[in-house]
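Heads up: the structure comes next, in structure tokens.
The values are calculated or read from the model by the stated rules, or taken from the named source; none is laboratory data. None of these values were measured; they are calculated from a predicted model. When we count neighbours, we look across all protein chains shown, and the Cβ atoms used for this are built from the backbone with ideal geometry, even at glycine.
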């Protein structure tokens, strides 16, 4: 601020009758501190410094999923179609297929989004929905309908995601062989572990999921 007189730190007060002073009195400004520079005697205003920001060290926590090492270290150049390879094996918790129909089969997702995450897959190796005949499309939806019913009996979810991801750009993990996902959902299952940590915590292993669903599937006669 401008200073005057013998005291360089004295602050000039505006005239009591001018408009600026009336506006100032109506909306008072926050207090400031006037400081003199010893070498010049010229005053300047200094606002209070903000308090220092304290830093807190948070240790990184680790969750180990060692069963994923086989998937991560697989030969990606010569792995073939996972669905077609599974069809060549005997149905068990190893190949994760627990039902074979006329034109489609049902297989558990090796890396499920939630417990009970399964897929309805046509035998035809194609990534084009238009390649599937009407009988295949009809059986796919019939199997999806039964899968939802069985999952409701076993897991009592609060909702489902059912759908196709056609092409890698749409999020298909096995883009060359189309498949329909059936994913049980619960309120809060997309918690901070999934959103921030990009990690899913599963309450049961695939072996137990396979046993529960295969038994329930056989028991459901509809």
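Restricting region 157-170 to residues that are touching a helix residue (DSSP H, G or I) at 6+ places or on another chain (Cβ under 9 Å) and part of a strand (DSSP E or B), the residue that is surrounded by the most Cβ atoms within 10 Å (Cβ to Cβ) is 160. Inspection of region 86-96 identifies at least one residue that is on the phi < 0 side of the Ramachandran plot, crowded, with 17+ Cβ neighbours inside 10 Å, outside any loop (DSSP other than H, G, I, E, B) and within 30 Å of the chain's Cα centre (by Cα).
Residue-by-condition table, conditions (1) exposed (fewer than 14 other Cβ atoms within 10 Å of the Cβ); (2) modelled with pLDDT of 95 or more:
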| site | (1), (2) |
| --- | --- |
| 102 | yes, yes |
| 108 | no, yes |
| 113 | no, no |
| 133 | yes, yes |
| 172 | no, no |
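Per the listing 120, 144, 154, the residue uniquely outside any helix (DSSP H, G or I) and within 20 Å of residue 219 (Cβ to Cβ) is 120. Residues that are over 19 Å from residue 212 (Cβ atoms) and either touching a residue at least 40 places away in the same chain (Cβ under 8 Å) or outside the structural domain of residue 212 (by TED's automatic domain parsing) (or both) within region 174-187 comprise 174, 175, 176, 177, 178, 179, 180, listed in sequence order. Filtered by the rule that a residue be assigned to a loop (DSSP other than H, G, I, E, B) and either in contact with a strand residue (DSSP E or B) (Cβ under 7 Å, 6 or more places away or on another chain) or not assigned by TED's automatic domain parsing to the domain that holds residue 185 (or both), region 124-139 gives a lone residue, 132. Taken over region 115-126, the residue count meeting the criterion of being in contact with a helix residue (DSSP H, G or I) (Cβ under 7 Å, 6 or more places away or on another chain) and surrounded by 19 or more Cβ atoms within 10 Å (Cβ to Cβ) is 6.
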